[in-house]
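The structure appears right after this line, and notes come after that.
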Amino acid sequence: MDSLLQQIYGMTKANISNYEKHLMLGGGTRPAPTIIRGKGVWLEDIDGKRYLDCTSQSWAMYLGFANEEFNATITEHLKNASHIHQGFDTPSRFMLAQRLAEKAQKKINRVSFTVGGAAAVEGGMKIALKNRENAQEFICLYDAYHGTTLGVMGSSWISTRAGGKYLGGARFNRLTKQFIRVPNPYCYRCPLGLKKEDCGMMCLKIFRLTIEKGVNGPPAGIIIEPLQASGGQIIFPREWHQGVRDLCDEYCIPLIWDEIQTYCRIGTWFASGYYGVDPDIICLGKGLGGGFPIAATMISDDLEGFSPDTEELHTFANNTVSQVAALKQMAMLEKGILDNCNAMGDYLGTELKKMQKDFPGMGDVRQAGLHIGVELVKDPVTREADAELLQKVKTYGMEHGVLFGVGGMQKNVLKVKPPFIITKEECDTVLDVLRKALKNDEI
């Protein structure tokens with residue numbers, strides 16, 4: 001083994017205690033185990049304890065860890081090239097752009113690559129502004145999350161009191177761009193206090209009124225997560241999406257879909273395949289590179305794209321390792337792994353809904369592919385959020401070898417989003433630990 005790797009892998013808790021004073025973190029769930037290695041859907045920490053990872057490490061590791069076929073392709077490519085300046089052409093960039101366009105809806109045919117999801121959303125905003133003369137305001141949703149860069153932090157819920165207090169994003173409001181928010185169609189916990197069966201899509205009516213009366217000048221664009229992730233794993237109604245699409249067509253507003261968490265994870269390549277509704281701009285990140293950093297902004301043929309005079313220039317926008325990784329992952333997804341995402345997602349969703357009968361604290365189960373959320377409540381009638389129960393479940397899970405994620409404004413939504421390669425037996429392990437965690441709370 002390389003001597004440097006020996007030093008890294010041989011690090012002790014005493015070393016870490018001495019080194020950690022030099023590290024500064026701006027986010028992330030803490031405390032967390034120190035991870036040494038992974039294999040499949042499993043991680044191993046510095047003490048040798050193993051965890052089945054239902055977070056896919058920020059929801060990004062679709063193929064799990066240490067996939068031999070995937071790693072072999074990356075290793076072989078590294079013998080030839082790695083980072084190339086954006087102004088030089090590479091075969092891998094041409095091919096990835098073509099493959100992504102091939103998977104997207106008919107009119108989405110051009111791709112710009114960048115280095116992070118927030119930058120991809122900002123790229124979409126640039127395209128929208130370029131195509132909307134005299135427009136400057138963007139509309140987003142309650143409880144949205146689009147990143148923490150200065151360009152998009154103002155659109156993320158962390159800049160508001162949505163979680164009951166002001167968090168990190170609010171500290172930079174003097175500099176971040178301000179956004180106009182409209183109610184999200186959170187039917188289980190409607191922000192307007194209505195019920196889906198007789199609400200008449202009031203949130204869509206407010207959307208229209210906001211466009212007409214709440215924005216100075218024409219809106220530059222509408223930014224939406226087609227399935228709201230950080231906000232609580234909220235699957236929006238298809239008719240709401242179609243209504244937003246109709247509003248965008250009526251008022252000539254570019255519709256930007258932030259698919260950083262939905263790309264492939266909801267069981268289709270893009271969310272248009274799930275909802276049957278098409279955006280004008282798609283933003284990708286997280287899982288696109290199979291664990292390697294890469295993001296993308298994709299646009300419709302109806303829009304003018306970037307001009308090569310520094311409208312969009314990034315040092316690592318042409319990293320061939322990440323491009324090859326994204327291409328290899330796509331090839332592997334096509335060979336049954338995306339099908340497994342659907343099959344195991346449906347299995348987990350079905351079994352979780354069965355568990356609801358035994359545990360009324362499981363107020364709602366929301367599942368699309370392996371994009372799964374379980375909303376925990378104190379009472380299924382009042383639907384009062386139970387963040388305390390979630391923390392107990394999360395802690396029990398970590399103690400018993402399963403890592404769960406946390407979502408929702410009230411921190412009461414359990415995220416179950418494992419790698420796509422998870423097996424039925426591993427799903428059963430997740431279900432068993434969750435069942436025991438909920439029984440443990442009853443005791």
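Quick look at the values:
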| read-out | value |
| --- | --- |
| Selected residue [within 30 Å of Met332 (Cβ to Cβ) and over 14 Å from the mean Cα position of the chain (by Cα)] from Thr268, Thr262 | Thr268 |
| Test set (1) without any contact (Cβ under 8 Å) to a residue 24 or more places away in the chain; (2) surrounded by 22 or more Cβ atoms within 10 Å (Cβ to Cβ) - Gly124 fails condition number | (1) |
| Residues of segment 49-104 classified as under 16 Å from Ser322 (Cα atoms), aliphatic (A, V, I, L, M) and buried (at least 17 other Cβ atoms within 10 Å of the Cβ), total | 8 |
| Condition broken by Tyr275, with the remaining ones in (1) at positive phi; (2) under 20 Å from the mean Cα position of the chain (by Cα) satisfied | (1) |
| Helices (runs of 4 or more DSSP H) (entirely within segment 263-367) containing at least 1 residues that are among the aromatic types (Phe, Trp, Tyr) and touching a residue at least 40 places away in the same chain (Cβ under 8 Å) | 271-275, 338-355 |
| Verdict on Arg383 being part of a loop (DSSP other than H, G, I, E, B) and at pLDDT 95 or above | yes |
| Flag if Lys378 is modelled with pLDDT of 95 or more, surrounded by fewer than 20 Cβ atoms within 10 Å (Cβ to Cβ) and more than 30 Å from Glu69 (Cα to Cα) | yes |
| Unmet criterion (only one of (1) in contact with a helix residue (DSSP H, G or I) (Cβ under 7 Å, 6 or more places away or on another chain); (2) under 25 Å from Gly405 (Cα atoms); (3) buried (at least 24 other Cβ atoms within 10 Å of the Cβ)) for Ile281 | (2) |
| Single condition Lys392 does not satisfy, out of (1) assigned to a helix (DSSP H, G or I); (2) within 23 Å of Ala60 (Cα to Cα); (3) charged (D, E, K, R) | (2) |
| Which numbered condition Tyr274 fails, given (1) farther than 18 Å from Cys203 by Cβ; (2) crowded, with 24+ Cβ neighbours inside 10 Å | (2) |
| The lone exception for Met153 - which of (1) surrounded by fewer than 19 Cβ atoms within 10 Å (Cβ to Cβ); (2) farther than 23 Å from Asp278 by Cα it fails | (1) |
| Some residue of segment 135-156 being among the hydroxyl-bearing types (Ser, Thr, Tyr), within 25 Å of Ile253 (Cα to Cα), within 18 Å of the chain's Cα centre (by Cα) and part of a helix (DSSP H, G or I) | yes |
| Exclusive hit being buried (at least 20 other Cβ atoms within 10 Å of the Cβ) and either in a loop (DSSP other than H, G, I, E, B) or not assigned by TED's automatic domain parsing to the domain that holds Tyr145 (or both), set Pro185, Pro218 | Pro185 |
| Selection within segment 71-115 - aliphatic (A, V, I, L, M) and without any contact (Cβ under 8 Å) to a residue 12 or more places away in the chain | Ala72 |
| Residues of segment 238-262 satisfying the condition of being β-branched (Val, Ile, Thr) and assigned to a helix (DSSP H, G or I) | Val244 |
| Lone qualifier among Val365, Val324 - being under 22 Å from the mean Cα position of the chain (by Cα), in the same structural domain as Asn80 (by TED's automatic domain parsing), of a type in the set (Val, Ile, Thr) and buried (at least 16 other Cβ atoms within 10 Å of the Cβ) | Val324 |
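Quick grid of which residues meet (1) farther than 26 Å from Lys417 by Cβ; (2) touching a strand residue (DSSP E or B) at 6+ places or on another chain (Cβ under 9 Å):
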site: Tyr166; (1), (2): yes, no
site: Ile180; (1), (2): yes, yes
site: Pro185; (1), (2): no, yes
site: Cys190; (1), (2): no, no
site: Glu212; (1), (2): yes, no
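Here's the yes/no breakdown for (1) under 22 Å from Arg132 (Cα atoms); (2) among the polar types (S, T, N, Q); (3) touching a residue at least 24 places away in the same chain (Cβ under 8 Å):
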{"site": "Ile180", "(1), (2), (3)": "yes, no, yes"}
{"site": "Cys190", "(1), (2), (3)": "no, no, no"}
{"site": "Met201", "(1), (2), (3)": "no, no, yes"}
{"site": "Lys205", "(1), (2), (3)": "no, no, no"}
{"site": "Pro219", "(1), (2), (3)": "yes, no, yes"}
{"site": "Ala229", "(1), (2), (3)": "no, no, yes"}
{"site": "Trp240", "(1), (2), (3)": "no, no, yes"}
{"site": "Cys252", "(1), (2), (3)": "yes, no, yes"}
{"site": "Ile256", "(1), (2), (3)": "yes, no, yes"}
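The values are calculated or read from the model by the stated rules, or taken from the named source; none is laboratory data. Quantities reported herein were computed from a predicted structural model and do not represent experimental measurements. Ideal geometry is used to build each Cβ from the backbone, glycine not excepted, and the neighbour counts take in all protein chains shown.
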